Amino acid sequence: MKQKEFIIPFSGLRQGKHKFEYTINVQFFEAFGYEEFNGADIALEVFLMKSGTMLEFEMKARGFVNVDCDLTSEPFDQPISASLDLVVKFGEEFNDEDDEILVLPHGEHQVNISQYVYEMLVLAVPQKRVHPGVLDGTLESEALKKLDELRPKTEKENIKENDPRWDELKKLLTDK
């Protein structure tokens, strides 16, 4: 699955630093079969430092993905920021086993960074997704009301009158 805009043809570029800018939306993630985001608006900057023997990519992303809250199922915009450094070297055969070093065969003239961008952004989203309104108490929803009803009572509410059998045992602890 190749997304053409993320294929960077480096063979025609002069040595030195180059900058590429992208706006990533939810269709980018859907192309990878990832459908956990309701929406996305992410600005991605890719800096490429080309030298005679290798390519160095520095990727920086900022924006948000719209996700459903794990507690209330309410959608909200989760801010994300991420960065990734990738070194591209040239060798006998293609090798992408290392997360930070990609080996392309000699003679290649372009590199596709879409898989690296995808992984960087998905990993930037927190595992637990909680609506900011839940954290500051401003969100009102049926799910939150139900969770509050089902919350365990505090210890003081659970403790009933003292059981006299335990009182005798507690005396043993103090009679030393």
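The values are calculated or read from the model by the stated rules, or taken from the named source; none is laboratory data. Computed from a prediction, not measured in an experiment: that's the story for all the values here. Positions of Cβ are generated from backbone atoms using ideal geometry, with glycine treated the same way; all protein chains shown enter the neighbour counts.
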ask   = What tally of residues in the stretch 98-130 results from selecting those that are assigned to a helix (DSSP H, G or I), loosely packed, with under 15 Cβ neighbours inside 10 Å and of a type outside the set (A, V, I, L, M, F, W, C)?
value = 1
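Being within 28 Å of R62 (Cα to Cα) and over 17 Å from the mean Cα position of the chain (by Cα) is the filter; apply it to the stretch 75-97 and report the residue that is surrounded by the fewest Cβ atoms within 10 Å (Cβ to Cβ). Walk me through how you get there before you give the answer.
Looking only at the stretch 75-97, we keep the residues that are within 28 Å of R62 (Cα to Cα), and these are 75-89, 96-97.
Okay, now just the ones that are also over 17 Å from the mean Cα position of the chain (by Cα), so 86-89, 96-97.
Values: L86: 21, V87: 14, V88: 19, K89: 13, D96: 11, E97: 7.
Result: E97.
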Residue that is closer than 20 Å to R129 by Cβ and of a type outside the set (S, T, Y), where the choices are I101, I113, I7, I24 = I24
Of all residues in the stretch 34-63 being within 16 Å of the chain's Cα centre (by Cα) and assigned to a loop (DSSP other than H, G, I, E, B), the one that is nearest to I80 (Cα to Cα) = F37
ask   = Only one of these conditions is not met by G12: (1) under 28 Å from K89 (Cβ atoms); (2) in contact with a strand residue (DSSP E or B) (Cβ under 7 Å, 6 or more places away or on another chain). Which number is it?
value = (2)
inquiry  = Can you report the number of residues in the stretch 42-71 which are surrounded by fewer than 14 Cβ atoms within 10 Å (Cβ to Cβ) and more than 23 Å from E108 (Cβ to Cβ)?
reply    = 2
query = Which members of the stretch 69-101 meet the condition of being within 23 Å of V117 (Cβ to Cβ) and charged (D, E, K, R)?
reply = D77, D85, K89, D96, E97, D98, D99, E100
query = So is Q78 assigned to a loop (DSSP other than H, G, I, E, B), at pLDDT 65 or above and not charged (D, E, K, R) or not?
reply = no
